[in-house]
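Reviewing the structure listed below.
Each reported figure results from applying straightforward, stated rules to the coordinates on display, with no laboratory input. Source: prediction; values computed, not measured. Cβ sites come from the backbone with ideal geometry, for glycine too, and all protein chains shown count toward neighbours.
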Amino acid sequence: MNNKIKNGLGLIGIVLAAVFAWSVVSYTSTYSKSIEPSSFRNFSVTAEAEAIGIPDIAEFTVGVLTEGGIGIADLQEENNEKISAITSFIKEKGVEEKDIKTSGYSISPRYQYHECYGSDRDCPPPEIVGYSIRSNIAVKARDFAIIGDILSGVVDKGANVVSDLKFAIDDEDSLKSEARNEAIEKANKKAAEIAESAGFKVGRLLSISEGYYSPVSYDSYPLDEQSLVRAPAAAGLTPVSVSPGSQEITSTVTLVYEIR
């Protein structure tokens with residue numbers, strides 16, 4: 001092999017090595033940027049939007065607190081009878097069985113404590129004089145026309161705890177989507193305005209994050225737990241007036257763009 005051929009092959013080898021090195025550097029740089037968006041010069045914008053809907057469900061808790069002596073079986077039977085009567089009444093009003101569920105059940109002892117302060121004799125331990133049984137059911141009503149009758153009617157059926165009345169939208173996805181789309185539109189507009197003012201162009205979108213805030217609408221029931229327990233036979237209650245009002249879902253989005 002003469003010197004010209006050797007020199008030619010050597011030159012080709014040098015060129016190929018240079019091309020390979022450039023390819024490695026280029027690939028490494030591209031890959032690094034693809035996995036580390038923060039390596040770009042970037043800026044972020046945040047925007048917020050609201051979507052308003054009308055609640056279509058009401059949720060509340062109905063409970064029976066039964067107190068008595070040490071005969072737990074008798075107390076359980078009394079408590080179960082009242083809960084059964086309340087559940088049947090709610091179903092008769094048009095609430096489906098799937099929207100009625102047990103949300104709590106407890107049996108607690110009631111103690112009698114002895115006052116032995118300042119006494120030389122040993123103080124006897126507290127004595128169990130009876131038990132309290134509490135049963136709660138969570139109700140979801142979809143017909144607002146019957147809610148008032150239910151809230152007053154369950155008291156006549158033996159409920160002495162009615163609480164946590166709140167209104168909500170059963171399917172919030174459409175409202176969330178509406179709020180999100182509007183928030184993104186505002187963010188895009190804001191990004192374009194910032195870029196124009198600062199003298200650069202908006203590059204590709206590097207990341208997006210979002211959050212929601214959906215306050216729950218509450219309504220007050222005129223009888224609190226204490227007054228109901230003291231007056232379980234609050235007969236003559238008029239149907240309770242309820243007003244679901246409206247509910248807002250707020251979407252907040254933060255978009256991060258590349259600066260070009």
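Which pairs in the list K166/K189; K98/K157; K166/K190 are over 29 Å apart, alpha-carbon to alpha-carbon? The partial results should precede the final answer.
Working: K166/K189 37 Å; K98/K157 21 Å; K166/K190 37 Å.
Listed pairs above 29 Å: K166/K189; K166/K190.
Among the listed pairs K91/K176; K91/K140; K176/K201, which have their C-alpha atoms separated by more than 23 angstrom in this model? All intermediate terms of the calculation are to be shown ahead of the outcome.
Working: K91/K176 32 Å; K91/K140 11 Å; K176/K201 30 Å.
As for pairs spanning more than 23 Å Cα to Cα, those are K91/K176; K176/K201.
Search the structure for amide H atoms under 5 Å from the amide H of R110, placed 1.01 Å from N in the peptide plane, and list their residues when 5 or more places away or on another chain.
V129, G130, Y131, S132
Taking the Cα centre of the range 89-202 as origin, sum charge times position over the Cβ atoms of Lys and Arg (+1) and Asp and Glu (-1), and report the length of that vector in debye to the nearest 20. Walk me through the intermediate numbers first.
Values: 17 positive and 21 negative charges, 43 e Å.
Its charge dipole is roughly 200 debye.
Search the structure for amide H atoms under 5 Å from the amide H of L206, placed 1.01 Å from N in the peptide plane, and list their residues when 5 or more places away or on another chain.
Amide H to amide H, under 5 Å and 5 or more residues apart or across chains, L206 pairs with V256, Y257, E258.
Report ³J(HN,Hα) in whole Hz for each residue of the range 63-80, in order, from the Karplus equation J = 6.51 cos²θ - 1.76 cosθ + 1.60 where θ = phi - 60°; Gly and Pro get x.
So the Karplus estimates, Gly and Pro as x, are x, 10, 10, 10, 10, x, x, 8, x, 5, 4, 5, 5, 4, 4, 5, 5, 5 Hz.
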